[in-house]
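The values are calculated or read from the model by the stated rules, or taken from the named source; none is laboratory data. Just so you know, these numbers come straight off a predicted model, no measurement behind them. Virtual Cβ from ideal backbone geometry, glycine too; neighbours counted across all protein chains shown.
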Amino acid sequence: MTDSTEQQTGGPTDRHSPLHGEHVALGANLTSFGGWLMPLRYTSDLAEHRAVREAAGLFDLSHMGEIEVSGPQAAAALDHALVGNLTAVAVGRARYTMICAEDGSVLDDLVVYRLGAERFLVVANAGNAPLVTAELVRRCEGFDATVTDQAADTALVAVQGPRAEDIVGSLVAPDDVQVVKDLKYYASVELRVAGIDALVARTGYTGEDGFELFVPAGQARELWQKVLAAGEPVGLVPAGLSARDSLRLEAGMPLYGHELDTTTTPYEAGLGRVVKLDKVDAEGAPLDFVGRAALASRKGAQPARVLVGLRGLGKRPARAGYAVVIPGKEPDVRIGLVTSGAPSPTLGYPIAMAYVTPEFSAEGTELAVDVRGREEPVVIVPMPFYRRPQTS
Amino acid sequence: MADFPADLQYTAEHEWLDASTPAVVGITSTAAEALGDIVYLELPEVGATVTAGAVIGEVESTKSVSELYSPVTGTVAEVNQAAIDDPSLVNAEPFAGGWLIKVDVTETGPVLTADEYSALVGG
């Protein structure tokens, strides 16, 4: 056997999460990810994936970067630094957005939480966090705003799945149970969870209901243990990056380094909605932001490639890096490239995301993927591949 | 510490070989654990000729895929339909119920002892 996908082992410079000891004690298989040594799986990718779909999973996301931007001009600074309209975000709400380069390419995709009128928390991908921090510092110059890297002091754990609300609700004061229940998607509130001061956000990356809990790094272990104890009776299990990846893929969510990178604009990724070209400043004047000119010239233009969802019709899944081809044609006539792919645990068939040339991007188009020298038939389907059942 | 059956032979590509007649081929517990949950097996058909050191199939997990190399040259006598139907057998019992193929062997390629294989994988 030789593993034809990337072999993942810890690098000597990888940072450890505040929960590293917990992962080792749980027997986790650890992997290098974004400069951190993080759990790939604890027991079984499939069991962890299914637990999140059917009950709940507990993820350590302490590798994510947390950057606070605060000050009287924090909102204006972020409107300049990011493609979104952060001034328009209400206190207590959050927004999915991006930080782009001058040429409109994506440096990172972000979730920004507005914690106060003058206080924002920017959450960046682990591998991009140093760059995002440096760019925010640079782009906030000239504004009355302070950028503080809080990654080292902050732990982030996510409770995801249909039982997440019950589990988090069981760990807050009786008066706060309703607060947890009423917390809207992409909203956050500061609460004591298991006796620990936490920022509780109803966000996630799994396609399920769930919460992300930001706590001081020193209290991460206590929180982790208490969430596990509270959740285990209803089926919560610790879940690793492997399950996180298959969950987000089913949910059609992009992963930086796969669907997004510095050669990609938000429009190609089908995420043009996050780009707010019509932002205005406090006086109502058009507001320039980093990347605006390049993005404005691309809006409405046909991108060179389009991100699509592929359903595999055979058994062999397409994987990241495989070529998308026209069935039966010369295999070197490549019309696209797979960015993520896996056998879907929930759906039972292979799924993938791929960039293809626009003329082959219509739903229902039958294409093929060159899976290690042999064509596998695929068809373009709408994303997300999986949508959770709506219960309320 | 991994415990590899002493009565089997091993390859550096993480296959095991039971040199019975016919010989039995599978993948080691180390390989199965590295792959994670195995969800799909592609194996040669009965009667196919296999060559020591050549790719004869694929083992897919949710996370990755590995090619399967034949440790022997010969003719496939049987494939493990139970493992094809339920690939999780390979994770659960890599050295027993999760065997992959049986081969009428004409020649055996380079193999390792259990101790040598254990040393190779750092067990």
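Please indicate, with yes or no, whether at least one residue in the range A:43-62 is assigned to a loop (DSSP other than H, G, I, E, B), within 14 Å of another protein chain (Cβ to nearest Cβ) and among the β-branched types (Val, Ile, Thr).
For the range A:43-62, residues assigned to a loop (DSSP other than H, G, I, E, B), within 14 Å of another protein chain (Cβ to nearest Cβ) and among the β-branched types (Val, Ile, Thr): present.
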TODO: Would you please name the residue that is farthest from A:Pro350 (Cα to Cα), looking only at residues in the range A:314-336 that are of a type in the set (A, V, I, L, M) and more than 14 Å from chain B (Cβ to nearest Cβ)?
DONE: A:Val333
TODO: Being of a type in the set (Asp, Glu) and not in a helix (DSSP H, G or I) is the filter; apply it to the range B:23-53 and report the residue that is nearest to A:Leu241 (Cα to Cα).
DONE: B:Asp37
- [ ] For the range B:54-123, please list each of the helices (runs of 4 or more DSSP H) lying entirely inside it that holds at least 1 residues being over 26 Å from A:Leu241 (Cβ atoms).
- [x] B:81-85, B:114-120
Open item on the list: Among the residues of the range B:58-71, are any closer than 25 Å to B:Glu116 by Cα, surrounded by fewer than 19 Cβ atoms within 10 Å (Cβ to Cβ) and more than 12 Å from chain A (Cβ to nearest Cβ)?
Closed with: no
Open item on the list: I'd like to check something: does the range B:111-123 contain any residue that is surrounded by 21 or more Cβ atoms within 10 Å (Cβ to Cβ) and under 13 Å from the mean Cα position of the chain (by Cα)?
Closed with: no
Task: Flag if B:Ala77 is away from chain A (no Cβ under 14 Å), within 13 Å of the chain's Cα centre (by Cα) and more than 23 Å from A:Arg316 (Cα to Cα) - done: no
Task: Residue check, A:Arg311 under 30 Å from A:Ala76 (Cβ atoms) and surrounded by 15 or more Cβ atoms within 10 Å (Cβ to Cβ) - done: no
Task: Selection count where residues are surrounded by fewer than 16 Cβ atoms within 10 Å (Cβ to Cβ) and touching a residue at least 60 places away in the same chain (Cβ under 8 Å), scope the range B:74-110 - done: 2
Open item on the list: Give all pairs with beta carbons closer than 6 Å in which a residue from the range A:348-374 that is assigned by TED's automatic domain parsing to the domain that holds A:Leu310 meets a residue that is among the acidic types (Asp, Glu); count only pairs at least 6 apart in sequence or on separate chains.
Closed with: A:Met353/A:Glu259; A:Ala368/A:Glu375; A:Val369/A:Glu376
Task: Conditions (1) part of a loop (DSSP other than H, G, I, E, B); (2) within 16 Å of the chain's Cα centre (by Cα): number failed by A:Arg95 - done: (1)
Open item on the list: Considering only residues that are surrounded by fewer than 22 Cβ atoms within 10 Å (Cβ to Cβ), in contact (Cβ under 8 Å) with a residue 24 or more places away in the chain and not basic (Lys, Arg), which ones fall in the range A:224-240?
Closed with: A:Gln225, A:Leu228, A:Ala230, A:Val234, A:Gly235
Task: From the options A:Gly142, A:Gly169, residue that is in the same structural domain as A:Leu107 (by TED's automatic domain parsing), without any contact (Cβ under 8 Å) to a residue 24 or more places away in the chain and surrounded by fewer than 24 Cβ atoms within 10 Å (Cβ to Cβ) - done: A:Gly142
- [ ] Tell me, please, whether a residue that is more than 19 Å from A:Ala124 (Cβ to Cβ), in contact with a Ser or Thr (Cβ under 8 Å, 6 or more places away or on another chain) and assigned to a strand (DSSP E or B) can be found in the range A:240-247.
- [x] no
- [ ] Check whether at least one residue in the range A:13-27 is farther than 17 Å from A:Glu250 by Cβ, surrounded by fewer than 23 Cβ atoms within 10 Å (Cβ to Cβ) and within 14 Å of chain B (Cβ to nearest Cβ), and report yes or no.
- [x] yes
Task: Residue list for the range A:104-139, filter: assigned to a helix (DSSP H, G or I), crowded, with 20+ Cβ neighbours inside 10 Å and among the hydrophobic types (A, V, I, L, M, F, W, C) - done: A:Ala129, A:Val132, A:Leu136
TODO: Output the residues belonging to the range B:10-22 that are within 11 Å of the chain's Cα centre (by Cα) and surrounded by fewer than 22 Cβ atoms within 10 Å (Cβ to Cβ).
DONE: B:Glu13, B:Asp18
Open item on the list: Given the options A:Lys299, A:Lys276, name the one that is within 23 Å of the chain's Cα centre (by Cα), among the basic types (Lys, Arg) and more than 14 Å from chain B (Cβ to nearest Cβ).
Closed with: A:Lys276
Open item on the list: Which numbered condition in (1) among the hydrophobic types (A, V, I, L, M, F, W, C); (2) within 30 Å of A:Leu136 (Cβ to Cβ); (3) buried (at least 21 other Cβ atoms within 10 Å of the Cβ) is the only one that A:Ala51 fails?
Closed with: (2)
Open item on the list: Restricting to the range B:1-57, give me the number of residues that are more than 17 Å from B:Ala83 (Cα to Cα), facing chain A (nearest Cβ under 10 Å) and not β-branched (Val, Ile, Thr).
Closed with: 4
Task: Verdict on A:Val24 being closer than 24 Å to A:Thr148 by Cα and not in a loop (DSSP other than H, G, I, E, B) - done: no
Open item on the list: Could you tell me how many of the residues in the range A:324-360 are over 23 Å from the mean Cα position of the chain (by Cα) and polar (S, T, N, Q)?
Closed with: 1
Task: Matching entry among B:Glu60, B:Glu78, B:Glu67 (being acidic (Asp, Glu) and more than 23 Å from A:Arg374 (Cα to Cα)) - done: B:Glu78
